[in-house]
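Notes follow once the structure below has been shown.
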Amino acid sequence: PRVNDPTNGSVILGLGDVVLPGFLIAFCARYDEASRIVRSNPNEVSTVGDTNAPEKWYQGFFLPVSVAYSVGLLLAFVAVLLMEQGQPALLYI
């Protein structure tokens, strides 16, 4: 139990609303890093064609996915405040 909690201990987000998108964001970060490694060592890994690997950390999938997740989470919180009822956050994400 929480002391002085206005929500009486209820939680708005479930485990799936945080963990599943977290896996996607982690996968995107690992994919971007692997693409950079493959691009920096073209002789060690045999690839067909040229890779479109990002050079900077903000040029890959990680930043857009993180921003989209944050906006979706914000929309889920706004929906909860407007409707005064729990909403599935994955619907907005």
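Collect the residues in the stretch 26-67 that are open to solvent by 50 Å² or more (accessible area, probe 1.4 Å), at pLDDT 80 or above and in a loop (DSSP other than H, G, I, E, B), keeping them in residue-number order.
If the condition is that a residue be open to solvent by 50 Å² or more (accessible area, probe 1.4 Å), at pLDDT 80 or above and in a loop (DSSP other than H, G, I, E, B), then Phe61 is the only one that fits.
I'd like the full set of residues that are of a type in the set (A, V, I, L, M, F, W, C) and farther than 21 Å from Gly16 by Cβ, limited to the stretch 63-80.
Of everything in the stretch 63-80, just one residue is of a type in the set (A, V, I, L, M, F, W, C) and farther than 21 Å from Gly16 by Cβ, namely Leu63.
Scan the stretch 68-91 for residues that are under 18 Å from the mean Cα position of the chain (by Cα) and at pLDDT 70 or above and jot them down. Give the derivation first.
In the first step, residues of the stretch 68-91 are kept if they are under 18 Å from the mean Cα position of the chain (by Cα); the result is 68-77, 88-91.
Hits for the stretch 68-91 are Ala68, Tyr69, Ser70, Val71, Gly72, Leu73, Leu74, Leu75, Ala76, Phe77, Pro88.
The values are calculated or read from the model by the stated rules, or taken from the named source; none is laboratory data. The shown structure was predicted, so the numbers you read here are calculated from the model rather than taken from an experiment. For neighbour counting, all protein chains shown are included, and Cβ atoms are generated from backbone atoms with ideal geometry for every residue, glycine included. For the accessible areas, the whole protein counts, side chains as well, though only heavy atoms, and no ligand, DNA or RNA atoms are used. Shrake-Rupley method; radii C 1.70, N 1.55, O 1.52, S 1.80 Å.
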